[in-house]
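The structure appears below as structure tokens.
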Amino acid sequence: MAKLVFLSAVLCLFFTSAHSQSNSMIDKTTDIFRKIEQKSNERVKFVQNDSINKLIRKHIAYNDNREGMSGYRIRIYSNLGTKAREESQKIRSEFHEKFPDIPIYRKYDSPYFKIYVGDFRTKIEAIKSLNKIQEHFPSAFVVPDEINYPELD
């Protein structure tokens, strides 16, 4: 009897959480379309099939599980050896002084210390910044990478 009560309680919790997750996904989908309608002063209205909403919810759920998105960064440093850690920190500080508005990422990819900068959605954006960065860091180059999501207005 105790096992049956315990199993019932676990199933109740499972279905409640699954239901609340699907409701939050519906809310996110509705919020996106509602924001667009409001920004357009109600001149834009969305009337769409339920299957489209399901696809959008799947897309949102997929992206909720990702830590970033596909994009580009600029690698300004990569080295190995006993002094690589110290050098990477020095390069990081130097870059921050020259370009305080561009985010910097220092990664250890055994045995290399690497420094990447920027979160560029397109290669063209990255190349525009690359031209300025190469004036101070001539060996810099663009690499595809997982970038952070941009800030939303």
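The values are calculated or read from the model by the stated rules, or taken from the named source; none is laboratory data. No experiment lies behind these values; they were computed from the predicted model shown. For neighbour counting, all protein chains shown are included, and Cβ atoms are generated from backbone atoms with ideal geometry for every residue, glycine included. Only protein heavy atoms, including side chains, enter the accessible area calculation; ligands, DNA and RNA are left aside. Shrake-Rupley method; radii C 1.70, N 1.55, O 1.52, S 1.80 Å.
Going through the range 65-111 one residue at a time, which ones are under 20 Å from residue 124 (Cα atoms) and among the small types (Gly, Ala, Ser)? Passing the criteria: 68, 70, 71. Flag not set for residue 81, criterion: small (Gly, Ala, Ser) and within 20 Å of the chain's Cα centre (by Cα). Against the numbered list (1) over 20 Å from the mean Cα position of the chain (by Cα); (2) basic (Lys, Arg); (3) modelled with pLDDT of 85 or more, residue 73 comes up short only at (1).
Give just the number: which of (1) at pLDDT 85 or above; (2) surrounded by 10 or more Cβ atoms within 10 Å (Cβ to Cβ) does residue 21 not satisfy? Checking residue 21 against (1) at pLDDT 85 or above; (2) surrounded by 10 or more Cβ atoms within 10 Å (Cβ to Cβ), the one that fails is (1). Taken as a whole, the condition of being closer than 18 Å to residue 133 by Cα and either of a type outside the set (A, V, I, L, M) or without any contact (Cβ under 8 Å) to a residue 24 or more places away in the chain (or both) applies to residue 72.
Once the range 96-147 is narrowed to residues that are open to solvent by less than 80 Å² (accessible area, probe 1.4 Å), among the β-branched types (Val, Ile, Thr) and not in a loop (DSSP other than H, G, I, E, B), the residue that is nearest to residue 80 (Cα to Cα) is 115. Of all residues in the range 137-153, those that are within 18 Å of residue 124 (Cα to Cα) and at pLDDT 95 or above have Cβ atoms under 8 Å from Cβ atoms of residues that are loosely packed, with under 12 Cβ neighbours inside 10 Å and among the small types (Gly, Ala, Ser), 6 or more apart or on another chain, in 144/70.
Just one residue in the set 13, 55, 7 is open to solvent by 80 Å² or more (accessible area, probe 1.4 Å), hydrophobic (A, V, I, L, M, F, W, C) and either at pLDDT 80 or above or part of a loop (DSSP other than H, G, I, E, B) (or both); that residue is 55. Of all the listed residues (26, 60), the sole one being of a type in the set (A, V, I, L, M) and at pLDDT below 60 is 26.
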